[in-house]
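The values are calculated or read from the model by the stated rules, or taken from the named source; none is laboratory data. All values reported here derive from a predicted model rather than from experimental measurement. Virtual Cβ from ideal backbone geometry, glycine too; neighbours counted across all protein chains shown.
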Amino acid sequence: MAHTPGSAVIPGGPSPDGSRRSRADRNGGRRSPRITLDDTSKRIIEQLQQDGRRSYAAIGKAVGLSEAAVRQRVQRLIDAGVMQIVAVTDPLMLGFRRQTMIGIKCEGNLGQVADHLAELDEIDYVVITSGSFDLLAEVVCEDDDQLLEILSRVRQVPSVTSTETFVYLKLRKQTYSWGTR
């Protein structure tokens, strides 16, 4: 399978040089090499997007591989940072009283600010954006006091000039089944 320079070909394996990226590298805001997936890997991902609990045997039947081959490919896709298999929940239904998106305006190096925010355990999502805000960060909190403490820490990050907090009142849709390209 041909690939472009700087891309990793994953028929189910790490990049061509054999290296694997750490979780921090995958989530730290640094640009990763583009990964090219073969059709079988895409079909495995689509199977798991439909049902993350689907057995490797069932996936194997659907894509024409053995259970062991599916297990290996899934592990390689996870190791490469292509996907995660997690239970997606509605935090407000689990007793957390606040879920918010924080719009952040900054000066200077956005990547450094994003990396700093990504280090905070209470922040579960950080993205560099265009538009009114430079960054968006999602936070799940037990209460308003914890939210205030987190906002104070965010505002103390060097280069942060202002924040605006959007409190989630009710989750109406959350989906991760956008398929593959």
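General remarks:
- Identity of the residue in region 53-62, of a type in the set (K, R) and not in a helix (DSSP H, G or I), that ends up surrounded by the fewest Cβ atoms within 10 Å (Cβ to Cβ): R53
- Selection count, region 140-181, where residues are assigned to a helix (DSSP H, G or I) and either closer than 15 Å to V113 by Cβ or touching a residue at least 24 places away in the same chain (Cβ under 8 Å) (or both): 8
- Selection count, region 104-127, where residues are buried (at least 18 other Cβ atoms within 10 Å of the Cβ), part of a strand (DSSP E or B) and not β-branched (V, I, T): 1
- Checking V70 against (1) part of a strand (DSSP E or B); (2) modelled with pLDDT of 95 or more; (3) in contact with a Phe, Trp or Tyr (Cβ under 9 Å, 6 or more places away or on another chain); (4) surrounded by 18 or more Cβ atoms within 10 Å (Cβ to Cβ), the condition it does not meet: (1)
- Scan of region 73-90 for residues that are part of a loop (DSSP other than H, G, I, E, B) and either without any contact (Cβ under 8 Å) to a residue 24 or more places away in the chain or loosely packed, with under 12 Cβ neighbours inside 10 Å (or both), ordered by number: Q84, I85, V86, A87, V88, T89
- Only residues that are touching a Phe, Trp or Tyr at 6+ places or on another chain (Cβ under 9 Å) and either at pLDDT 95 or above or surrounded by 16 or more Cβ atoms within 10 Å (Cβ to Cβ) (or both) were counted in region 138-149, giving 4.
- Exactly one residue out of S130, S177, S152 is loosely packed, with under 12 Cβ neighbours inside 10 Å, of a type in the set (S, T, N, Q) and under 24 Å from G52 (Cα atoms): that is S177.
- So L65, is it in a helix (DSSP H, G or I) and either among the hydrophobic types (A, V, I, L, M, F, W, C) or in the same structural domain as D143 (by TED's automatic domain parsing) (or both): no
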